[in-house]
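These notes concern the structure reproduced below.
Each value in this text was obtained by applying a stated rule to the coordinates, not by laboratory testing. Here the structure is a predicted model, which is why all the values come from computation and not from measurement. Neighbour counts run over all protein chains shown; Cβ positions are idealised from the backbone, glycine included.
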Amino acid sequence: MQIVAADVIVSSPDRNFVTLQITTDEGITGLGDGTLNGRELAVASYLKDHVVPLLIGRDPHRIEDAWQFLYRSAYWRRGPVTMAAIAAVDVALWDIKAKAAGMPLYQLLGGASRTGIMAYGHASGRDTEELFDSIRKHLALGYRSIRVQTAVPGINAVYGVAAQPSADGTRYDYEPAQRTPLPAEEDWDTRAYLRHIPSVFEAVRSEFGPELPLLHDGHHRMTPIQAARLGKSLEPYDLFWLEDCTPAENQDALRLVRHHTTTPLAIGEIFNTVWDYQTLIQEQLIDYVRSAVTHTGGITALKKILDFAAQYQVKSGIHGPTDISPVGMAAALHLDLAIHNFGIQEYMQHGALTNEVFQQSFSFEDGYLHPGEQPGLGVEIDLEAAAAHPYQAAYLPFNRLKDGTVHDW
Ligand code: EZ4
Ligand code: CO
């Protein structure tokens, strides 16, 4: 088999997505996700201008070789743009290989290690009542694990809090990228946050009981000692994990947090390679790997990271917000089903327009996801529907402290 074409499709149904479609001379096509929220066109150009010309004529079955070739021949390694582009190629090739084999992709990754994939959803609210409503809605949808984010008194806009239910009554989620010409400015006050959050979890535990797994995302905003204090103060509420408690470019920061708290730690949604995890995994400073298939160079690379993690009892917690396309989500689900050290899968649910562009065969029942039994990933793209929703510039917000200093968002 030979690759005869590779097309980069940038569409914006509910939000922007970068999709790579690889076509072979046998007529089999494969899809890969290269969406990088707020920087989509950089990946599209990387693919179109620098990768697609290298793919034509290659044997699509040689996935490991394609990965090593794209990673090493660029000379400039790592980074979110490069690794998202490599991921798009990698996942499209796995899709082709599995379609050629007539099997769902998870079969080629070793087969199913479980019957279903436990998912967590995003509940949020501006106050306790709104938060409880949101948790109840998620429970009604079948979710058995819930991430909790709330507003903080004294802060105007906080990551992860849906501002209001949508007018048409459909369930809402928090979509951080906004279709604005400039990134929106939000505000932040760590002391106010640290004072408030334990009371939120106390209220949630007393309303919903001890069993429901609860998660929380600190979104990179604390120093190690602040994160240590938060982890410690949340211990009575038995979190499933505390995510991104510090900006983890400095892996050593997690050692301090770890020495102060038994709250499980999850990190890595902005990581790109196994090297970002080296200290964290080897020294068992974290409990869950948060990388997306889309941002770490695809299934080939994330499977290796998770196999490394398994040796240290570190589990998967694959990133699954709406800025991972249905193609990237499907790739995650096949990997989740196959690996032994599965932890949990984030599942935010895409909007109706996105589901028109991407036809999917996965299921979500009783809190558990399954990628389905279609050969390949089980996702097809409707090119006409995609073309009807062209790219729209959108940016993630950023934070400033009260005195105007830019802060991690
Ligand atoms: O803010 O994917 O755990 N999930 C998250 C996400 C990220 C977005 C950024 O594009 O932190 O909501
Ligand atoms: Co996160």
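Take the Cα pairs of the range 229-309, get the Kirkwood Rh, then feed it into Stokes-Einstein at 4 °C and 1.567 mPa s and tell me D in µm²/s. Display every interim value, and only then the final one.
Values: Rh = 12.9 Å.
Answer from the Stokes-Einstein relation: 100 µm²/s.
Using unit Cβ charges (K, R positive; D, E negative) and no other charged atoms, how large, in debye to the nearest 20, is the dipole of the chain about its Cα centre? Intermediate values should be presented prior to the final figure.
Numbers: 32 positive and 50 negative charges, 184 e Å.
Roughly 880 debye, rounded to the nearest 20.
Rounded to the nearest 20 Debye, what is the dipole magnitude of the range 3-104 about its Cα centre when Lys and Arg each give +1 and Asp and Glu each give -1 at the C-beta?
Numbers: 10 positive and 12 negative charges, 69 e Å.
Around 340 debye, computed over the range 3-104.
With a 10 Å cut-off between alpha carbons and a GNM built on the chain, which of Met348, Met83, Met103 moves the most?
Top of the fluctuation ranking is Met103.
What Kirkwood radius, in Å to one decimal, follows from the Cα pairs of the range 335-409? Please report the intermediate quantities before stating the final value.
Working: mean 1/r = 0.0616 Å⁻¹.
Taking the inverse mean of 1/r over all distinct Cα pairs, the range 335-409 comes out at 16.2 Å.
Projected onto the charge dipole of the range 117-374 (+1 at Lys/Arg Cβ, -1 at Asp/Glu Cβ, origin at the Cα centre), which of Gly372, Thr300, His334 gives the Cα projection farthest towards the positive end?
It is Thr300.
In square nanometres, what is the average projected area of the Cα convex hull of the range 46-135? Present the calculation step by step, with values, prior to reporting the outcome.
Values: hull surface 39.2 nm².
Over every viewing direction, the Cα hull of the range 46-135 projects on average to 9.8 nm².
Of the listed peptides 156-162, 268-274, 23-29, 13-19, what is their order by residue-averaged count of other C-beta atoms within 10 Å, with the highest listed first? Don't skip to the answer; put the middle values down first.
Working: 156-162: 18.3, 268-274: 22.0, 23-29: 15.4, 13-19: 24.7.
For the peptides 156-162, 268-274, 23-29, 13-19, the packing ranking is 13-19, 268-274, 156-162, 23-29.
Please quote Rg/Rh for the range 117-374 to two decimal places, taking the Kirkwood radius as Rh and restricting both calculations to Cα atoms.
Details: Rg = 17.6 Å, Rh = 18.8 Å.
Looking at the range 117-374, the ratio lands at 0.94.
Summing -39500 (n - 2.57) over the DSSP H runs of n ≥ 4 in the chain and dividing by its residue number, what mean residue ellipticity at 222 nm do you reach, to the nearest 500 deg cm²/dmol? Don't skip to the answer; put the middle values down first.
On the way: 14 runs with 140 residues, N = 409.
Calculated mean residue ellipticity at 222 nm is -10000 deg cm²/dmol.
Arranged from highest to lowest average of other beta-carbon atoms within 10 Å per residue, in what order do the peptides 49-58, 138-147, 241-250 appear? The partial results should precede the final answer.
Details: 49-58: 15.4, 138-147: 17.4, 241-250: 21.5.
Top to bottom by mean Cβ count within 10 Å: 241-250, 138-147, 49-58.
According to the Kirkwood expression over distinct Cα-Cα pairs, how big is the hydrodynamic radius of the range 3-104, in Å? Provide the component values of the computation, followed by the final result.
Details: mean 1/r = 0.0740 Å⁻¹.
This gives a value of 13.5 Å.
Mind ordering 34-40, 317-323, 189-195 by average Cβ neighbours within 10 Å, highest first?
Packing order, densest peptide first, comes out as 317-323, 34-40, 189-195.
For helix 298-310, report the angle its Cα long axis makes with the longest principal axis of the Cα atoms of the chain; keep it between 0 and 90° and round to the nearest 10°.
So the helix axis and the longest Cα principal axis differ by about 50 degrees.
Mind jotting down the three principal axis lengths of the range 88-240 based on Cα atoms? Whole angstrom, largest first.
Computed over the Cα atoms, the extents are 56, 44, 40 Å.
Between 0 and 90 degrees, rounded to the nearest ten: what's the tilt of helix 190-208 against the longest Cα principal axis of the chain?
90
log10 I(q)/I(0), Debye, Cα-only the range 1-62, no solvent, q = 0.18 Å⁻¹?
Taking Cα atoms of the range 1-62 as identical point scatterers yields -0.62.
Nearest 10 degrees, 0 to 90: what angle lies between the long axis of helix 326-338 and the longest principal axis of the chain (Cα atoms)?
Approximately 80 degrees, to the nearest 10.
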